[in-house]
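I have placed the structure first, in the form of structure tokens, so that the comments after it can refer back to it.
Each reported figure results from applying straightforward, stated rules to the coordinates on display, with no laboratory input. Because the structure is a prediction, the values reported are computed rather than measured. Here the Cβ positions follow ideal geometry from the backbone for every residue, glycine too, while neighbour counts run over all protein chains shown.
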Amino acid sequence: MSYRYVIPAVGLIGALAAGCSTPQSSPTEGTSGASTWTPPRTAWGDPDLQGVWRYEGTVPFERPKEFAGRELLTDEEVAQRDQVEKDQAANRLAGFEGAAVGRRSISESPIRGNEYNSFWQDHGRPRRVYKQTSLIVDPPDGRVPYTDDARKAEARSAARYGVGPYESFLDPDTGERCLTDGVTGMMWQGPNGGHNQIVQSPGYVTILHEEYRDRRIIPTDGRPHSSARQWFGDAVGRWEGDTLVVDTTNFLDRTNYEWASIWTRPSETLHLVERFTRVDADTIEYKITVEDPATFSAPWTAVIPILRLADDTQIYEYACHEGNYAMPNLLSAGRADAARRQTSSR
Amino acid sequence: MRFGLKGAAIVIAAGAVFALLWTRVAPVTGQTESYRAPRTVDGRPDLSGIWQALNTANYDLQSHSARPALALIPAPPHTGVPGLGRSKPVELPAQSVRALGAVGGVPAGEGVVQGGEIPYQPWAAAQKKENFEHWLERDPEIRCFMPGVPRATYMPYPFQIFQSADKVLIAYEFAGTTRTIHLNEVQNNPAATWMGLSRGRWDGETLVVDVTDFNDQTWFDRAGNFHSDALHVSERYTPVSPSHLLYEATIEDPKVFTRPWTIRMPLYRRFEPDKKILEYKCTEFVEELLYGHLGAVDPATGQTNK
């Protein structure tokens, strides 16, 4: 079974060389279409992944129910989605928000772009439409294999926005608390498009994620795992040919916090294996396999094409906690709400 | 253990060499021509590694005696007995920090400011004094805010330098703050920032970093030394032995000071095998302090807030 990033012919500038994979094997082995391209190396000889990178695709993380049993969109569906992306980008450029093109809730929108709060999501240009129907490639149904408890937690998480409770600072999610949205989705998620700056030095790969100023320091010098548990675990990397393989364990248990997406929450049994492969000048194929019996009934794998931004792209300071006016406001509103309820129940 | 006697001997030997160099060169320019650092593949001095300051600059950039706590209150003078020494007030730890006992004390330290004096304008000297007296309510470190520059360098946490071709990264442990030092040309920040915009260049053995685009929210230490958004910091990182960098920062801020002034200190290499910069994600450590009283319920007690 072939699993490709198929680039529709319609109006995309620059072809993305296809990384092809099956859920069972590495996407990079047997990569086609990139065979003549030689990945650059750093001055000290490691594959060079440096630059600022961002996922700009429209592929949903989990396969929507309407595509059950289908891994790929038809050409017509791709063309239609591409047109929607262009229209939405044009609308944003023209200054129209949501209502101008039909306001959609995040959950209803098959393709995000003009829903409520879309200013967080402005990519400045049409997003790329790919053929596949989910970023998750394994299990084959393209859905997160939650345990029953985790599924309940996810449902609760999805239902609580704008509803609460907001009794204390422990009620908002880790993102609202300016902590992090988790390391699992760091490479492709983020309200601001998920900018990631990769800087390498001999023996290290560092990744700075603009949002929450999340940072990963990945030694590639063959050292063993450190024993200190951390939010982002302990990452050790190694080079397999042109691929950076990162193994991360020793996470802190933060399942007692609220998470925007339950699949990003760490527990002590979380284990991540990530593979970063530059498949052409502008694309890292990022493959992540996630295992954690505390949240998932089986391991799952997602494959995400991450695009390189222009050389002069900078990431900026994300002073979230320093300017978290939302927290006092949320709590003050929660308190007013509690007082109102108490009065009305008398 | 991999870092045993041999490692200790290296540190001691390196320390001796450094002490020699320090004594000899420090009063002149802060530079040394005697030590040539190993080179990166592109021929630059290799500053990479994990470093830490070992001094009391984060308590106070200037010389200070030991004292019982960062927050003090004057005990009421006892005036009933003629000739009693306690007619002069005694400073005691403030209520909010008293429980920490000796852990909460302030160690004495010699200053790191060249010449000793911080040349405040008169209004700013008064402001600094007031900051000192209101340390507990005002120091941004307490709230886990990004520490700014140069304070990030001499906080009691390690930091790691990574050198690439056109970027140098400094990863600080405190608050997970990272600075990108751009060796290539970059535009100014679109807004004022906590950690500033860093532009670096090589001057012989020294990495020189110009830092601008600051906001006025950070402090230099726990003694209330402060600046405005006109701050311009010029840093110099010079390797002076395999185990030491000489760190100098010249501080200019025409809104607050009458002239530029300079701090100088050694930075020490951390030698522990496989040493890493770990997380100090203090945002979650200060939420109870900042927000515990604001919600309908205080999660520390489970009680309804009044």
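Here are the numbers:
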| item | result |
| --- | --- |
| Among B:Val208, B:Val149, B:Val90: highest mean-square fluctuation, GNM of chain B, C-alpha pairs under 10 Å | B:Val90 |
| Computed FRET value (nearest 0.05) for B:Glu110 with A:Ala155, which takes r as the C-beta separation and R₀ as 45 Å | 0.15 |
| Qualifying chymotrypsin sites (Phe, Trp or Tyr not before Pro) for the stretch A:154-262 [loop in DSSP, other Cβ within 10 Å: at most 14] | A:Tyr161 |
| Loop-located chymotrypsin sites (Phe, Trp or Tyr not before Pro) in the stretch A:283-326, at most 15 other Cβ atoms within 10 Å (DSSP) | A:Tyr316, A:Tyr325 |
| Under Karplus coefficients 6.51, -1.76 and 1.60, residue-wise ³J(HN,Hα) of the stretch B:290-298 in Hz, glycine/proline x | 7, 10, x, 8, 8, x, 5, 10, 8 |
| Qualifying GluC sites (Glu not before Pro) in the stretch B:139-197, DSSP loop, other Cβ atoms within 10 Å at most 11 | B:Glu185 |
| Ranked by how many other beta carbons lie within 10 Å on average, peptides B:295-301, B:47-53 from highest | B:47-53, B:295-301 |
| Footprinting exposure proxy for A:Ser297, B:Ser65, A:Ser345 (fewest neighbouring C-beta atoms within 10 Å first) | A:Ser345, B:Ser65, A:Ser297 |
| From phi via Karplus (6.51, -1.76, 1.60), per-residue ³J(HN,Hα) for the stretch B:284-289 in Hz, x at Gly/Pro | 6, 7, 10, 5, 4, 4 |
| Separation in nanometres of the label points that stand 7 Å from Cα toward Cβ, at A:Arg341 and A:Thr38 | 6.7 |
| Alpha-carbon centroids, the stretch A:131-180 and the stretch B:157-178: separation in whole Å | 32 |
